[in-house]
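Okay, so here's the structure we're looking at.
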Amino acid sequence: MSKIQTTADEILDKISFGDYKKPQKHGETSSTRRQQKKNKLTLYLTEEEETLFDAIYIQRLKMHKKTDRSTLFGEAIRLLYAQEMQS
């Protein structure tokens, strides 16, 4: 890893808003999250579904849980998968 990349990773880890609780896996840093393969997805939500999604997002921000919409959607998919596979 180049010195610039190492420095960039250190800076990102330091400015990760310490007053927010980051939902990270054990031993995961900002750099490892950034290196994960990501796919772009287009969603078509009804107005009601979008409102519900926004309400959850806003609630997380109020609880000082640092999150983004992609992370929230990923968590929803994992929970739905677990629910569907139990049946």
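Computed over the range 38-87, the percent of Cα pairs more than 19 Å apart is 36.
Taking other C-beta atoms within 10 angstrom as a stand-in for reagent exposure, LEU41, LEU72 fall in the order LEU41, LEU72, fewest first. Measuring between alpha carbons in the structure, the pairs from LYS38/LYS62; LYS40/LYS62; LYS40/LYS66 lying more than 23 angstrom apart are LYS38/LYS62; LYS40/LYS62. Taking 7 Å steps out from each Cα toward its Cβ at ALA8 and GLU49 produces label points 3.5 nm apart.
Laboratory data are not the source of any read-out in this text; all were calculated from the coordinates shown. Quick caveat: nothing in here was measured; it's all calculated off a predicted structure. We place every Cβ from the backbone using ideal geometry, glycine too, and count neighbours over all the protein chains shown.
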